[in-house]
1. Provide a single number: the residues in region A:227-262 that are closer than 19 Å to A:G66 by Cβ and either in contact (Cβ under 8 Å) with a residue 40 or more places away in the chain or within 14 Å of chain B (Cβ to nearest Cβ) (or both).
2. If I filter region B:123-134 for residues that are surrounded by 20 or more Cβ atoms within 10 Å (Cβ to Cβ), away from chain A (no Cβ under 11 Å) and not in a helix (DSSP H, G or I), do I get at least one hit?
3. Name the single residue, out of those in region B:62-91 being under 13 Å from B:D170 (Cβ atoms) and more than 11 Å from chain A (Cβ to nearest Cβ), that is farthest from the chain's Cα centre (by Cα).
4. Could you go through region A:243-261 and let me know if any residue there is buried (at least 16 other Cβ atoms within 10 Å of the Cβ), modelled with pLDDT under 90 and in a helix (DSSP H, G or I).
5. Looking only at region B:100-116, how many residues end up being more than 9 Å from every other protein chain (Cβ to nearest Cβ) and either surrounded by fewer than 22 Cβ atoms within 10 Å (Cβ to Cβ) or closer than 17 Å to A:R146 by Cβ (or both)?
6. Mind counting the residues in region A:196-212 that are more than 13 Å from A:G117 (Cβ to Cβ), among the hydrophobic types (A, V, I, L, M, F, W, C) and not in a strand (DSSP E or B)?
7. So, in region B:158-183, exactly how many residues are buried (at least 21 other Cβ atoms within 10 Å of the Cβ) and either under 13 Å from the mean Cα position of the chain (by Cα) or within 12 Å of another protein chain (Cβ to nearest Cβ) (or both)?
8. If you go through region B:135-147 one residue at a time, how many are away from chain A (no Cβ under 11 Å) and either under 10 Å from B:A96 (Cβ atoms) or within 22 Å of the chain's Cα centre (by Cα) (or both)?
Amino acid sequence: MKRATRWLFPLGTGILLLAVWYGAKRLWQIPSFVLPTPGEILAAAWQERRTLVASVLITGRGALLGFVAAVGVGFLLSLVMAFSLRLKQSFYPYILMLQMTPVVILAPIFVLWLGQGLPAIVAVTFMICFFPVVANTTMGFLSADRGWAELFVVCRATRWQEIRYLRIPAAMPYFLTGMKIAGTLAPIGAITGDFLAGTQENGVGGIGFMTIAYFSQLKIPALFATGVTACLLGFLFVGGVSLLHWVLLRRWHDSFIGSRRN
Amino acid sequence: MRGKEGFNNLIMDPGLHVRLAGVGKRFGAGPGVIEEFSLAAAPGEFVSLIGPSGCGKSTLLRLIAGLTPPSAGEISVGGAAPLAGREGVFLIFQDANLLPWRRVAANVELPLMLRGDPAGARHERVRAMLDLVGLPHAAGHYPWQLSGGMRMRVSIARALSVAPRLLLLDEPFGALDEMTRDRLNEDLLAIRERDPFTAFFVTHSVMEAVFLSNRIIVLSANPGRIAREIAVPFSYPRRPELRETPEFLALIAETSHALRSVLPR
């Protein structure tokens, strides 16, 4: 019964939304070049499937590179900042400043420095993913229980042992939360990057680039279809991080064992 | 001295000698938490510290463990100044303080791993310690799968794994129900018969203090000072039935009275 409702409720909502969509279109007689039906969008997606798959691969590559770079650099920088208050004080205001600066302003600067194409797209993705990783992971490194830290002192652990066996495992839930947020942002970052710095080959570019292309060609159902592919790419990222979250934490962390606890 | 050698040295070495002379501790510019505190524990002695909240009991343990330096006076542990991370000195914390991402065996193994014992000796030692605390089947469990009492047993096994010569226990059984606490008290004494160590035991339970100790130190608060010392004459090993004897109950009454006289009204 419980299992069934898990599927039935979202399914019902979906059907309701589709009904509203078709109903509104018919009621106000909205033409398809303003609002296509879901059927038309799927048909357009099928027709443009080669282009769309290629665009997802292009954008996915930029998103993945930027995401991985942000996660890696963010993790290391957090580690450094967690162990030196001075370094934290030195870096943190500037990390915040970068986060405050809108990416649409940074993107042209990246294009200026790196040229149109992948490097600029990766840079934009990096910028948008970086902060959630750093903010969460730094918090994680500093959140290890004081009792645990004293246990390591009593055991005369070296600094490296403390990092390896205490700080990193304790920070894992926070790090993964940062990664999850970054995962939702990475495709958005890469698409923004396409949009502002994307290049094309035989008329095919990233998702952001194709959005502009379809708009200028007035292929409105295909334009909507790029939205669908962007959405799928986002789910891919979030799914990947969720899988990692599950692999690393399912055995011990409250987010998984809460309901099993006696 | 590491690993298994601890077992062979038992008869020769009942534990570390601890001496505090005129010890004071204040944090920053605040009032003294402890003042003019002098106390000596013979090797192998079991000393309980009991007193109102804020009397500096936990601070005393942390001073002896070398986790914080004294503001005045001198402390000697086995003839040397306290040093955090010194071999043979171990602390059992208020809650079991297990690492939730490590299985029971890996938690018990942690101190041995951190000091670099070889894996084979470590695993053997972990198995022996889990047998000792009565949890031979819990090795593969995570801490969240255990009851509070079992978690405390794991914590004890972890402390015993290094064959401590001085064990500092900070209200280890405070969160447990009385029956579990009584059982763990009995088991702790049984373990100590086999593998002696000097013990400082902070508690709020008069019954527990009388059952476990050679000597009970009643502390007054603000600042922490010794209000009264009570010698416990019962010989070891102590049987659970001891708790029902008139002599035991009389000592509980005496300790409770001493404790009441230091409580702020």
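The values are calculated or read from the model by the stated rules, or taken from the named source; none is laboratory data. Just so it is clear, the structure is predicted and the values come from calculations on it, not from any experiment. We place every Cβ from the backbone using ideal geometry, glycine too, and count neighbours over all the protein chains shown.
1. Total meeting the criteria: 11.
2. Yes, some residue in region B:123-134 is surrounded by 20 or more Cβ atoms within 10 Å (Cβ to Cβ), away from chain A (no Cβ under 11 Å) and not in a helix (DSSP H, G or I).
3. Only one residue fits best here, namely B:L63.
4. Looking through region A:243-261, at least one residue is buried (at least 16 other Cβ atoms within 10 Å of the Cβ), modelled with pLDDT under 90 and in a helix (DSSP H, G or I).
5. Counting residues in region B:100-116 that are more than 9 Å from every other protein chain (Cβ to nearest Cβ) and either surrounded by fewer than 22 Cβ atoms within 10 Å (Cβ to Cβ) or closer than 17 Å to A:R146 by Cβ (or both) gives 3.
6. Filtering region A:196-212 for residues more than 13 Å from A:G117 (Cβ to Cβ) gives A:202-204, A:207, A:210-212.
Restricting the remaining residues to those that are among the hydrophobic types (A, V, I, L, M, F, W, C) gives A:204, A:207, A:210, A:212.
So of that shortlist, the ones also not in a strand (DSSP E or B) come out as A:207, A:210, A:212.
Here the count works out to 3.
7. 14
8. Going through region B:135-147 one residue at a time, the tally reaches 1.
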